[in-house]
Amino acid sequence: MGKLIRRPDIWISLALFLLMIPAERLELFSTLENWLLGNRHIIRLNTLDPEKTQFAYDDIVIVDTEEKFFDEYGSWPLKRSDIAKLTSNIKKLGAKVIALDMLMDFPNGYDEDPILAEAMEKTGNTIVVAQLEFDGKGKFKGINYPTETLKGAAESGYTNHTLIGDKLSRVRFFPEQIEEHNIWPFAIKTLAMYKGVEPKLENGQLIIGDIKVQLDQFNDLWIDFPLLPPMATFLAKDTPAGVSAAEVLLELEDIPDDEWDEETEELQELIRGKIVLVGDTSEVSHDIFSSPIGEVYGIEFLADTIMTLMKNAPIRPAGDNSEMLVLLILFIAFVLVTLVPKFENALFFLIIAGYAAFGVYMYVYHGVAYSMSYSLIAC
């Protein structure tokens, strides 16, 4: 034991392991952690039963204003009078909640805000985008709401995205703003409207009716990205969750009321009783982000957030005590290995491989995400 205490490499290792505790809390190696997290999530998607990992097709639909739609429409962006028509059609098709992922903070130059406001008031259960504003130091400045005309006609929720490193993988809650202004993340407010309840945030726990989810130390919700069908790249474009806005707006324009049910039977089956998210995936919108498992459009991230909550957020970070216990066990194991110099390198490799297998197993089968990069760096 005396020899171990006098070995400088042991003390260097101890210092590294201790430094990893605050480093993990501050997420200093988020780029590496995102890569490890993405690989674990891909393994999870390809290991578990599809029922546990596929998208909530029975509850959520995305109406997509994509490139082909705007080519047919003839201009960009959508006129607010046409957003009103789109909203009315979606409601007529039986949607339970209509979520418009569109920032409309400036008055319309053609005085079309009253037209859209009237449509949203008639449809009810409609939500539009707001944004929280922060200065360069991260201090809260205020809320950028839709125009006054639109604000009074629908609910609002913020769509601020918080990148972890350079990846989009979580939704951040701001308890002070929630308490003072009753402003919630867009997806959370949408789901609460769908369930007919008011969301609550109590001691770091998000409550939406019977859904109770613990947030992490940053008040973040971890998103469980779904398994897409083979050959599919985007949820809104390549799966049954997405429908082109052309089908809901342009193709329904001249249908008489007495022929409506017959002509829209398939669309009604797709939309009736569901949350309908309306968003823009055209190139000019620049609303696309990088996630740990690939690119995702903003409207898809909102849909994935709602789906995550419907599943009671199966992905969550390991607790601080668990993380520190793992670091302690790894350090003790490495110290003990030095007592067997003949097999030291092989045993080091086995310890690292065993820890990697443990991290993958806990994520895949229990949804617990250990911060593997920090332990591996210390090793």
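The values are calculated or read from the model by the stated rules, or taken from the named source; none is laboratory data. Bear in mind the structure is a predicted one, so any value in this text is a computation, not a measurement. Here the Cβ is made from the backbone with ideal geometry for all residues, glycine too, and neighbour counts use every protein chain on show.
Taking the range 123-143, which residues are of a type outside the set (A, V, I, L, M, F, W, C), within 23 Å of the chain's Cα centre (by Cα) and surrounded by 15 or more Cβ atoms within 10 Å (Cβ to Cβ)?
Within the range 123-143, Asn125, Thr126, Gln131 qualify.
Among the listed residues Asn108, Asn160, which satisfies the condition of being under 17 Å from Phe301 (Cα atoms) and surrounded by fewer than 19 Cβ atoms within 10 Å (Cβ to Cβ)?
Asn160
I need the full set of residues from the range 154-191 which are closer than 20 Å to Ala99 by Cα and in a loop (DSSP other than H, G, I, E, B), in order please.
Ala154, Thr159, Asn160, His161, Phe173, Asn182, Ile183, Trp184
Is there any pair with a first residue in the range 327-354 that is assigned by TED's automatic domain parsing to the domain that holds Leu14 and a second that is of a type in the set (S, T, N, Q) and surrounded by 15 or more Cβ atoms within 10 Å (Cβ to Cβ) whose Cβ atoms are under 7 Å apart and which are 6 or more apart or on different chains, and what are they?
Correct list of pairs: Leu327/Ser375; Leu330/Ser375; Phe331/Ser13; Phe334/Ser13; Glu344/Thr338.
Here is a check on your reading of the model: is Thr239 among the hydroxyl-bearing types (Ser, Thr, Tyr), loosely packed, with under 15 Cβ neighbours inside 10 Å, modelled with pLDDT of 95 or more and within 28 Å of Arg172 (Cβ to Cβ)?
Judged against the criteria, Thr239 is not a match.
Pick from Thr264, Thr338: which is polar (S, T, N, Q) and either at pLDDT 95 or above or surrounded by 17 or more Cβ atoms within 10 Å (Cβ to Cβ) (or both)?
Details: Thr338 fails: either at pLDDT 95 or above or surrounded by 17 or more Cβ atoms within 10 Å (Cβ to Cβ) (or both).
After ruling out the rest, the residue left standing is Thr264.
Of the residues Glu202, Glu155, which single one is among the charged types (D, E, K, R) and either crowded, with 19+ Cβ neighbours inside 10 Å or in contact with a helix residue (DSSP H, G or I) (Cβ under 6 Å, 6 or more places away or on another chain) (or both)?
Glu155
In the range 49-77, what residues are β-branched (Val, Ile, Thr) and more than 21 Å from Leu309 (Cβ to Cβ)?
Selection gives Thr65 alone.
Tell me, please, whether a residue that is over 21 Å from the mean Cα position of the chain (by Cα) and modelled with pLDDT of 95 or more can be found in the range 158-172.
Checking the range 158-172: not a single residue is over 21 Å from the mean Cα position of the chain (by Cα) and modelled with pLDDT of 95 or more.
Does Ala303 fit the bill of being modelled with pLDDT of 95 or more and part of a helix (DSSP H, G or I)?
Criteria met by Ala303.
Just need a number here: residues in the range 58-82 that are in a helix (DSSP H, G or I), out of contact with any Pro (no Cβ under 9 Å at 6 or more places or on another chain) and of a type in the set (A, V, I, L, M, F, W, C).
Adding up the residues that qualify gives 1.
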